[in-house]
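The values are calculated or read from the model by the stated rules, or taken from the named source; none is laboratory data. The structure presented is a predicted model; accordingly, all values stated were derived computationally and were not measured. As a convention, Cβ positions derive from the backbone with ideal geometry for all residues, glycine included, and neighbour counts pool all protein chains shown.
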Amino acid sequence: MTSNFIAMWSGPRNISTALMRSFENRSDCFVSDEPFYSYFLHKTEISHPLKDKIIKSGLVNCNEIIQYITGPIPFSKKIWYQKHMAHHILPEVNMDWIKGMKNCLLIRHPGDVISSYSKKNEINGIQQLGYLQQIDIYNLLFHEIGAPPIIIDAQDLLQKPKKMLIEICKNFRIKFDEKMLSWPSGSRETDGIWGEHWYKQVEASTGFKSYAKTNRIIPSKYQVIYNKCVEHYDFLYQKRIVLS
């Protein structure tokens with residue numbers, strides 16, 4: 001089996017950490033948790049929970065980060081699964097490196113994202129939620145190499161995790177592994193230190209939770225942001241993997 005580099009592009013408050021757990025439970029896979037987070041906070045000086053600890057914990061030079069995540073796969077694993085937050089990518093980052101990755105956009109309905117994220121952190125603009133950056137990634141790959149990223153919706157994955165994981169693996173040209181369906185509870189050494197603020201639910205999990213419909217009630221102060229997010233989400237949603 002040849003080496004595989006997987007870049008999973010998500011926004012916040014998606015099921016991105018659970019999906020990272022799924023891949024990490026494979027014996028042939030190494031995972032990286034948001035390698036651009038320290039850089040993002042260092043450059044923007046945006047206030048985030050555990051900001052100073054996060055900056056100190058990782059690389060803050062984007063070129064050094066790219067050199068690392070495109071280098072040899074740690075521990076001689078065959079697959080390197082990289083969980084990326086799309087909004088951590090700032091305009092100065094040269095994105096040519098993603099052309100050599102197997103890219104996927106993980107999307108979630110803005111109503112669910114905004115409802116969840118606003119309980120943990122203040123939302124000041126659409127840039128925080130990743131939809132704009134996911135569109136940029138889609139367009140870059142589509143127009144420059146003619147190979148748009150695959151797109152999966154969080155609801156689809158939670159409703160039929162095995163079928164969706166099989167389809168994801170098929171698109172990545174790797175063999176599906178039953179171990180991807182469950183994992184031990186608790187934290188991981190590979191988790192970012194921000195896990196102590198954000199990962200309580202996934203640390204208690206042992207598999208993908210069943211999809212639970214939410215009311216998607218949006219606070220009025222976020223309505224304009226929500227409307228713009230829905231436009232971008234709908235574009236990506238129409239291009240997602242649809243199970244037969």
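Structure summary
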read-out	value
Of the criteria (1) closer than 24 Å to Lys119 by Cα; (2) part of a loop (DSSP other than H, G, I, E, B); (3) not acidic (Asp, Glu), which one Ile225 fails	(2)
Members of the range 223-244 that are within 20 Å of Glu122 (Cβ to Cβ), aliphatic (A, V, I, L, M) and buried (at least 16 other Cβ atoms within 10 Å of the Cβ)	Ile225
Members of the range 142-157 found to be touching a helix residue (DSSP H, G or I) at 6+ places or on another chain (Cβ under 9 Å), more than 10 Å from Leu105 (Cβ to Cβ) and among the hydrophobic types (A, V, I, L, M, F, W, C), listed by number	Ile145, Ala147, Ala154, Leu157
Candidates Ser47, Ser32, Ser38, filtered to the one that is out of contact with any Lys or Arg (no Cβ under 6 Å at 6 or more places or on another chain), among the hydroxyl-bearing types (Ser, Thr, Tyr) and part of a loop (DSSP other than H, G, I, E, B)	Ser47
First in the range 182-201 and on the phi > 0 side of the Ramachandran plot and among the hydrophobic types (A, V, I, L, M, F, W, C), second anywhere and modelled with pLDDT under 95 and surrounded by fewer than 15 Cβ atoms within 10 Å (Cβ to Cβ), Cβ under 9 Å, 6 or more apart	none
Some residue of the range 139-150 being surrounded by fewer than 20 Cβ atoms within 10 Å (Cβ to Cβ) and farther than 18 Å from Met101 by Cα	no
Flag if Arg21 is under 15 Å from the mean Cα position of the chain (by Cα), at pLDDT 95 or above and among the charged types (D, E, K, R)	yes
Number of the condition not met by Ser185 [criteria: (1) in a helix (DSSP H, G or I); (2) of a type in the set (Ser, Thr, Tyr); (3) within 18 Å of Thr17 (Cα to Cα)]	(1)
Per-region count, the range 65-117, residues in contact (Cβ under 8 Å) with a residue 12 or more places away in the chain, under 17 Å from Pro149 (Cβ atoms) and assigned to a helix (DSSP H, G or I)	8
Identity of the residue in the range 187-222, of a type in the set (Gly, Ala, Ser) and surrounded by 11 or more Cβ atoms within 10 Å (Cβ to Cβ), that ends up nearest to Asp156 (Cα to Cα)	Gly207
